[in-house]
Amino acid sequence: MQPTQDEALTRHLTTEYEWGFESELDQEYAPKGLNEAIIEFIWAKKKEPPFMLDFRMRAYRAWKDMREPHWLNAHYDPIDYQDAYYYAAPKSLTENRPKSLEEVDPEIRRIFDRLGIPLHEQEILAGVAVDAVLDSVSVATTYKERLAKMGIIFCPMSEALENYPDLVKKYLGTVVPYNDNFFAALNSAVFSDGSFVYVPKGVRCPLELSTYFRINARKTGQFERTLIIADEGAYVSYLEGCTAPKRSEHQLHAAVVELVALSGSYIKYSTVQNWYPGDKEGRGGVFNFVTKRGIAHQNAKISWTQVETGSAITWKYPSVILKGDNSIGEFYSVAVTNNRQQADTGTKMVHIGKNTRSRIVSKGISAGRSDNTYRGLVQVLPSAENARNFSQCDSLLIGDTCGAHTFPYVEVKNPSAIVEHEATTSKIGEDILFYCNQRGIPMQEAVELIINGYCQEVLAHLPLEFAVEARKLLAISLEGSVG
Amino acid sequence: MKTETPMLQIQDLHVSVEGRPILKGLNLEVQAGQVHAIMGPNGAGKSTLAAVLAGKEGYEITAGDILLEGQSLLELSPEERSHAGIFLAFQYPVEIPGVSMVQFLRAALNAHRAAKGLDPLDTADLMALLKEKAQLLKLDPSFLTRSVNEGFSGGERKRAEIFQMAVLDPSLVVLDETDSGLDIDALKVVSDAVNALRTPERAFIVITHYYRILQHIRPDVVHILADGRIVRSGGPELAVALEEKGYEPLLATS
Ligand SMILES: Nc1ncnc2c1ncn2[C@@H]1O[C@H](COP(=O)(O)OP(=O)(O)OP(=O)(O)O)[C@@H](O)[C@H]1O
Ligand SMILES: [Mg+2]
């Protein structure tokens, strides 16, 4: 007999995590645990300018007095921060930093090959420059020279600290202060690497800039730090992708991303997050506790697009501070949870300038025994004359053992504001599934098609190559959930 | 025309929905190449018959059998029946938000091809096929990139159903009130398309309340379905009688 819809949906949602392989690399670690000596160790290891020791130390001291937050709509046991390594680097990358790709350890190159991330420029997707980061150390950045000719800087954060310390010093911590929250403070204290982007005045970056993050080492937190600056009138589109090996213990990923969009500039930031989600019983998986925020000056625009399919727990709210008049903030999100995954994600739009506009489109899809929460804040300050916000939050439930929750907070302090919010919760209709089946489309594919359609409005904002990737990922992460 | 095995045989079919009998011993035989019209009062079970043919869940077959080319359909899933050549033009086609007609029909066509062991169609061939069939239905090509049925008028949806039929090239087509909601010109377009697709290999079951469409699509046989059974069968003149006198006198004599 034919399986019932819920059986087919459920089966559809239980495929193995494809990126879970592990690689043996010779790693150098800092001693286990976290204290001031470790902070100094990291700082010294990375040969950073003196201001960084000060930055890290202040962050560490702030963090020590903070408490791990547990207000999110997800449950996890307190993390033992002393039972982890805060610096791990493949020796082959740090001892004699490879000068060209040919010098990169073949084992490391194999990792990225298996992940389908091309490090050779000639093999690269047309129009995408890649920075590959393994356990917080940058492996290779492609197309650097071509970008440099236009004055665009795209390099690992550690290299930026070496070559452009003044630029980093001017902006680091200005959008996400070192003591912003528990995980941001931890990141500020111990971050190892990440990407740095600077696009000069009036320059339109001709390539998609992309960073691919991979966790490999055991018992190692991943703390990247990304800083993107678009100078006046500049444009840049930046993409980020991530995977991790399957591990039975949880791995902490606490990144910080800061975007600075100066007058008239436009930063488009896209994420396809596919960290290991843990197994069906909720063992293992990445804790993705991330702080992402941008500041938009006059006439500037920041657009966040995210497709979140991985991680055991996702806790992130990519936000925009609409500081300048006429600035625009956008947030387009698809968050999929299956099995025991928990996602608490959304955005914050802070309207400060006049005529500021923000738009939020969130699509949550939950299956299995997962929980999916949208949490958003739209804040209109007294100065924000004529602010406008539109929010659309849709939840799709697959089966009846999962949860969807929506917490839209609104704080309006200027009466001229117009804030609109729409929300829907639905199930995949039997009639739609039958319609697809009648046309010959089997259940799995029908669900994929319907879910892709459901997310279309968000996926349409991803750069093309990424959209294709994201569609595949959606299909895979929901496999086994349908009947 | 060969007559050994009818294309479709429905034998003493009994179907219940939520424990309530809807079809109560329905018999029907359709030969390849024929057009059968089924008429009958509201609630008689016409759409139920269509749904059961297509294999929709929730219909309990308590007795009888349905044979397609001599093979029982009852154990086949809806998509397998589709691959076997059954097409249902829905009385109320649903919307699929965010999925374009091109994406939808690509998935459908490729599923049909996979079932036959064929490779997926490449984009150029797919688009050529879709454009050709869109022309047959006098549909604006822009409709291919719109989401399936989303924001379509009632008439556009019906036309889109026939368009999908033309693309999927089925052997047994069930039109469930495709004519209702169509204006006079659209009715002509749809009927012309159906007539263009009449071949000796293909059979049609046209469910309708009106004689109007049967003037365009001349049926070989007209049946009246009432209270879960075929109560009268005859030629097109039966439909004329129905149009003039209504169901009551016809049902009284049955
Ligand atoms: N899913 C269902 N649940 C409950 N009752 C149903 C269901 N489907 C059909 N029925 C009932 O079965 C009977 C036959 O319905 P059906 O839709 O087949 O009629 P029909 O002949 O197509 O009518 P119409 O001419 O109005 O389209 C009706 O009484 C209807 O209420
Ligand atoms: Mg009906």
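Matching residues to (1) open to solvent by less than 60 Å² (accessible area, probe 1.4 Å); (2) over 26 Å from A:MET443 (Cβ atoms); (3) within 16 Å of ligand 2 (Cβ to nearest atom):
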residue	(1), (2), (3)
B:GLN11	no, yes, no
B:VAL17	yes, no, yes
B:ILE22	yes, no, yes
B:GLY25	yes, yes, no
B:LYS56	yes, no, yes
B:THR62	no, no, no
B:LEU68	yes, no, no
B:LEU76	yes, no, no
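Mind checking which strands (runs of 3 or more DSSP E) fall wholly inside region A:367-483 and carry at least 1 residues that are within 14 Å of another protein chain (Cβ to nearest Cβ)?
On the way: elements: A:371-380, A:388-397, A:403-412, A:418-427, A:480-482.
Strands (runs of 3 or more DSSP E) meeting the threshold: A:388-397, A:418-427, A:480-482.
Would region B:35-51 turn up any residue that is away from ligand 1 (no atom under 14 Å from the Cβ), away from chain A (no Cβ under 14 Å) and open to solvent by 10 Å² or more (accessible area, probe 1.4 Å)?
Residues of region B:35-51 away from ligand 1 (no atom under 14 Å from the Cβ): B:35-36.
Keeping just the survivors that are away from chain A (no Cβ under 14 Å) gives B:35-36.
Of the ones still in play, those that are also open to solvent by 10 Å² or more (accessible area, probe 1.4 Å) are none.
Checked against the condition, which is being away from ligand 1 (no atom under 14 Å from the Cβ), away from chain A (no Cβ under 14 Å) and open to solvent by 10 Å² or more (accessible area, probe 1.4 Å), region B:35-51 yields no hits at all.
Quick one: what pairs do we get from region B:207-219, first residue open to solvent by 70 Å² or more (accessible area, probe 1.4 Å), second within 16 Å of ligand 2 (Cβ to nearest atom), C-beta under 7 Å, 6+ apart or different chains?
Hits for this filter: B:TYR210/B:ASP179; B:ARG212/B:ASP179.
Might you check whether a residue that is more than 10 Å from chain A (Cβ to nearest Cβ), hydroxyl-bearing (Ser, Thr, Tyr) and in contact with a strand residue (DSSP E or B) (Cβ under 8 Å, 6 or more places away or on another chain) occurs anywhere in region B:100-116? Before you say what the answer is, go through the steps one by one.
Initially, region B:100-116 is screened for residues more than 10 Å from chain A (Cβ to nearest Cβ), giving B:101-102, B:116.
Add one more test, that the residue is hydroxyl-bearing (Ser, Thr, Tyr), and what stays is none.
Checked region B:100-116: no residue is more than 10 Å from chain A (Cβ to nearest Cβ), hydroxyl-bearing (Ser, Thr, Tyr) and in contact with a strand residue (DSSP E or B) (Cβ under 8 Å, 6 or more places away or on another chain).
What's the total number of residues in region B:12-34 that are part of a strand (DSSP E or B) and within 16 Å of ligand 1 (Cβ to nearest atom)? Walk me through it before giving the result.
Initially, region B:12-34 is screened for residues part of a strand (DSSP E or B), giving B:12-17, B:20-30.
Those left that are additionally within 16 Å of ligand 1 (Cβ to nearest atom): B:13-17, B:20-26, B:28.
Within region B:12-34, residues that are part of a strand (DSSP E or B) and within 16 Å of ligand 1 (Cβ to nearest atom) number 13.
Quick grid of which residues meet (1) within 16 Å of ligand 1 (Cβ to nearest atom); (2) over 15 Å from the mean Cα position of the chain (by Cα):
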| position | (1), (2) |
| --- | --- |
| B:ILE66 | yes, yes |
| B:GLU75 | no, yes |
| B:ALA84 | no, no |
| B:PHE90 | yes, no |
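Would you say B:PRO200 is open to solvent by 40 Å² or more (accessible area, probe 1.4 Å) and assigned to a loop (DSSP other than H, G, I, E, B)? Full working, then the answer.
Details: open to solvent by 40 Å² or more (accessible area, probe 1.4 Å): yes; assigned to a loop (DSSP other than H, G, I, E, B): yes.
Taking the combined requirement at face value, the residue satisfies it.
Provide a single number: the residues in region B:74-88 that are over 21 Å from B:VAL206 (Cα atoms) and facing chain A (nearest Cβ under 8 Å). Full working, then the answer.
Step one: filter region B:74-88 for residues over 21 Å from B:VAL206 (Cα atoms), giving B:74-77, B:79-80.
Those still in the list that are facing chain A (nearest Cβ under 8 Å) too: B:75, B:77, B:79.
The total comes to 3.
For region B:175-197, name all the residues that are part of a strand (DSSP E or B) and aliphatic (A, V, I, L, M). Break it down stepwise before answering.
Initial filter on region B:175-197 (part of a strand (DSSP E or B)): B:175-176.
Scanning region B:175-197 gives a single hit, B:LEU175.
From the list A:LYS323, A:LYS301, A:LYS316, A:LYS280, which one is open to solvent by 10 Å² or more (accessible area, probe 1.4 Å), closer than 23 Å to A:PHE466 by Cα and not small (Gly, Ala, Ser)?
From the options A:LYS323, A:LYS301, A:LYS316, A:LYS280, the qualifying one is A:LYS301.
Within region B:149-190, can you find the residues that are among the hydroxyl-bearing types (Ser, Thr, Tyr) and open to solvent by 10 Å² or more (accessible area, probe 1.4 Å)? Can you show your working first?
Just the residues of region B:149-190 that are among the hydroxyl-bearing types (Ser, Thr, Tyr), to begin with: B:153, B:171, B:178, B:180.
Hits for region B:149-190 are B:SER153, B:SER171, B:SER180.
Inspect region B:102-110 for any residue being modelled with pLDDT under 95 and more than 16 Å from B:LEU168 (Cα to Cα) and give the result as yes or no.
No: region B:102-110 contains no residue that is modelled with pLDDT under 95 and more than 16 Å from B:LEU168 (Cα to Cα).
Among the numbered criteria (1) more than 16 Å from ligand 2 (Cβ to nearest atom); (2) surrounded by fewer than 21 Cβ atoms within 10 Å (Cβ to Cβ); (3) free of Cβ contacts under 8 Å to residues at least 40 places away in the same chain, which one does B:ALA193 miss?
Only one criterion in (1) more than 16 Å from ligand 2 (Cβ to nearest atom); (2) surrounded by fewer than 21 Cβ atoms within 10 Å (Cβ to Cβ); (3) free of Cβ contacts under 8 Å to residues at least 40 places away in the same chain is unmet by B:ALA193, namely (3).
Being in a helix (DSSP H, G or I) and crowded, with 20+ Cβ neighbours inside 10 Å is the filter; apply it to region B:220-248 and report the residue that is farthest from ligand 2 (Cβ to nearest atom).
B:LEU238
Does B:GLN135 fit the bill of being away from every other protein chain (no Cβ under 14 Å) and part of a helix (DSSP H, G or I)? Full working, then the answer.
Working: away from every other protein chain (no Cβ under 14 Å): yes; part of a helix (DSSP H, G or I): yes.
Yes; evaluated as a whole, the condition is true for this residue.
Filter region A:25-45 for residues that are modelled with pLDDT of 60 or more and in a loop (DSSP other than H, G, I, E, B); which is surrounded by the most Cβ atoms within 10 Å (Cβ to Cβ)? Steps first, please.
Initial filter on region A:25-45 (modelled with pLDDT of 60 or more): A:26-45.
Narrowing the set further to residues that are in a loop (DSSP other than H, G, I, E, B) leaves A:26, A:30-35.
Numbers: A:ASP26: 10, A:ALA30: 20, A:PRO31: 12, A:LYS32: 12, A:GLY33: 14, A:LEU34: 22, A:ASN35: 13.
If we take residues in region A:25-45 being modelled with pLDDT of 60 or more and in a loop (DSSP other than H, G, I, E, B), then A:LEU34 is surrounded by the most Cβ atoms within 10 Å (Cβ to Cβ).
So, in region B:85-115, exactly how many residues are closer than 19 Å to A:CYS455 by Cβ and assigned to a loop (DSSP other than H, G, I, E, B)? Before you say what the answer is, go through the steps one by one.
So the first thing to find is which residues in region B:85-115 are closer than 19 Å to A:CYS455 by Cβ, and the list is B:94-104, B:106-107.
With the extra rule that they be assigned to a loop (DSSP other than H, G, I, E, B), the set shrinks to B:94-95.
The qualifying residues number 2.
What single numbered condition from (1) open to solvent by 10 Å² or more (accessible area, probe 1.4 Å); (2) under 30 Å from A:ASP394 (Cβ atoms); (3) within 16 Å of ligand 1 (Cβ to nearest atom) fails to hold for B:SER100?
So the condition that B:SER100 fails would be (3).
Checking B:THR5 against (1) more than 14 Å from chain A (Cβ to nearest Cβ); (2) more than 16 Å from ligand 2 (Cβ to nearest atom); (3) open to solvent by less than 60 Å² (accessible area, probe 1.4 Å), only one condition comes out false. Which one?
That leaves (3) as the condition not met.
Out of B:THR178, B:THR123, B:THR199, B:THR145, I need the residue that is within 16 Å of ligand 1 (Cβ to nearest atom) and of a type in the set (Ser, Thr, Tyr). Which one? Steps first, please.
Values: B:THR123 fails: within 16 Å of ligand 1 (Cβ to nearest atom); B:THR199 fails: within 16 Å of ligand 1 (Cβ to nearest atom); B:THR145 fails: within 16 Å of ligand 1 (Cβ to nearest atom).
Testing whether each residue is within 16 Å of ligand 1 (Cβ to nearest atom) and of a type in the set (Ser, Thr, Tyr) leaves just B:THR178.
Just need a number here: residues in region A:244-277 that are surrounded by 22 or more Cβ atoms within 10 Å (Cβ to Cβ) and at pLDDT below 80.
Summing the residues that are surrounded by 22 or more Cβ atoms within 10 Å (Cβ to Cβ) and at pLDDT below 80 in region A:244-277 gives 7.
The values are calculated or read from the model by the stated rules, or taken from the named source; none is laboratory data. This is a predicted model, so every value here is computed, not measured. Every residue, glycine among them, receives a Cβ derived from its backbone with ideal geometry; neighbour counts consider all protein chains shown. Calculation scope for accessible area: heavy atoms of the full protein, side chains included, ligands and nucleic acids excluded. Shrake-Rupley method; radii C 1.70, N 1.55, O 1.52, S 1.80 Å.
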